[in-house]
Amino acid sequence: MKTKIGLLYGGKSAEHKVSLQTALAVIGALDLEKFEIHPIYINEEGQWIKGPQLTGPVENVSALGFSGDNQVSTLSLAPALFHSGTQANEPLDVIFPLLHGPNGEDGTVQGLLELLNLPYVGNGVLASAAGMDKVMMKNVFAQAGLAQVNYLAFIKSEWEKEKATVYTKVEQELGYPCFVKPANLGSSVGISKCSNQSELEAAFIEAFQFDRKVIIEEGVVAREIEVGILGNDEPECSVPGEIVAKKDFYDYKAKYEDGDTAMIIPADVTDTEYQHIKEMAIKAFKALDCSGLVRADFFLTKDGRALINEVNTMPGFTPFSMFPLLWKHTGVEYPQLIERLVNLAKERHTQKQNIKYTF
Ligand SMILES: Nc1ncnc2c1ncn2[C@@H]1O[C@H](COP(=O)(O)OP(=O)(O)O)[C@@H](O)[C@H]1O
Ligand SMILES: [Mg+2]
């Protein structure tokens, strides 16, 4: 029996196009002898559209953006969307969400899939939500004893009431340079590096456009090292990779438009540094109660200190993204990586079926 995979891609977020590219690559890598592919497309208006089952390779992304009659809105999608259509009421076996950003990797879609009791690839509600909020994530890391940069957080109304006090606190506790970031957005959107108070003010204004909560971090001079974690209860760590930015910092433009960054895999780190990063990454994975996969990003200072920067609960997943490349260099090719993730999803779901909810 083939495993029926529901590929969930597109989405309302800024990363719609990236998601389509990822879907194309995943479709190309899935073995049609083993898997049935059922596309579920979320268009830029946020409507969910179930496409016909894919029985062969797809040429380009334009074949993945469906419209038309079987369009289902998010509110009424539950029963209609997650069935293979081949037989009435036969649910898909695994949902593979290939979505980034808000409403994709923040736990909302995961919550929907939980309600439907469907196995799905990747992190659950809690890890996804906590991983999307930089303040929550850092609070969890702090509690787990993981080394990281010093940080402060403010909500918009606090800042509006006492701007001067907020700036003094930032200057006294963190100093310059510091980084101001919206708590809830990825892809470096709304992030500024500040060297003085007027830049700080501008950075708050900018960041508050994207969220009601901001995080301010002490700036460090460090290399950026990333590892991929794969597994459920016994997560494994990939070889390390390094992001080298040609700009002042790894910003949105550099990441997504200019291609102004390079990836070095494996990163040139000492064995001691790698062991330490690996240990921290697995600790972070467990602290956030992750499952399936995570990309863990670190700062490595000149004196060899590793500080955790963040984890990404749905890291970039095209064959040219860091996470799949890290695993390729670790000996897991893209098609195997996908299969492992599907199996991990089934394993976690099976485990959950044995949990009692009443007593
Ligand atoms: N505290 C910091 N010190 C030095 N550089 C930082 C710091 N925070 C962020 N950066 C730079 O900005 C980039 C984006 O920040 P990050 O927190 O990773 O946001 P995103 O979630 O958008 O990836 C990092 O990859 C790094 O280059
Ligand atoms: Mg980052």
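Remarks
- Share of carbon and sulfur in the accessible heavy-atom surface of the range 150-218 [1.4 Å probe, %]: 46 percent
- Close amide H pairs (under 5 Å, H built 1.01 Å from N) link residue 11 with 42, 43, residues at least 5 positions away or on another chain.
- Computed 3J(HN,Hα) for the range 40-54, one whole-Hz value per residue from the Karplus formula 6.51 cos²θ - 1.76 cosθ + 1.60 where θ = phi - 60°, is 10, 9, 9, 7, 5, 8, x, 8, 9, 10, 8, x, x, 4, 8, glycine and proline marked x.
- Note on the range 303-359 and the range 119-133: Cα centroid distance 11 Å, given to the nearest whole angstrom.
- Pairs beyond 22 Å (Cα-Cα), from 156/181; 286/352; 283/356: 283/356
- For residue 123, the residues whose amide H sits under 5 Å from its own are 291, 293, ignoring neighbours fewer than 5 places away on the same chain, with H placed 1.01 Å from N.
- Once each of the GluC sites (Glu not before Pro) sitting in a DSSP loop with at most 15 other beta-carbon atoms within 10 Å is removed, the chain keeps 163-332 as its longest stretch.
- Each of the trypsin sites (Lys or Arg not before Pro) that DSSP puts in a loop and that has at most 16 other Cβ atoms within 10 Å breaks the chain; the longest unbroken stretch is 35-211.
- For the range 211-221, 3J(HN,Hα) per residue [Karplus equation, 6.51 cos²θ - 1.76 cosθ + 1.60, θ = phi - 60°, Hz, x = Gly/Pro]: 7, 8, 10, 10, 10, 10, 10, 4, x, 10, 9
- With R₀ fixed at 56 Å, the C-beta to C-beta distance from residue 150 to residue 53 puts the FRET efficiency at about 0.60.
- For the chain, with +1 on Lys and Arg beta carbons and -1 on Asp and Glu, the positive-most of 152, 112, 46 along the dipole: 112
The values are calculated or read from the model by the stated rules, or taken from the named source; none is laboratory data. Computed from a predicted structure; not experimentally measured. Reconstructed Cβ throughout: ideal geometry from the backbone, glycine too, with neighbour counts over all protein chains shown. The protein model used for the area step is the full one, side chains on, heavy atoms only, and it has no ligands, DNA or RNA in it. Shrake-Rupley method; radii C 1.70, N 1.55, O 1.52, S 1.80 Å.
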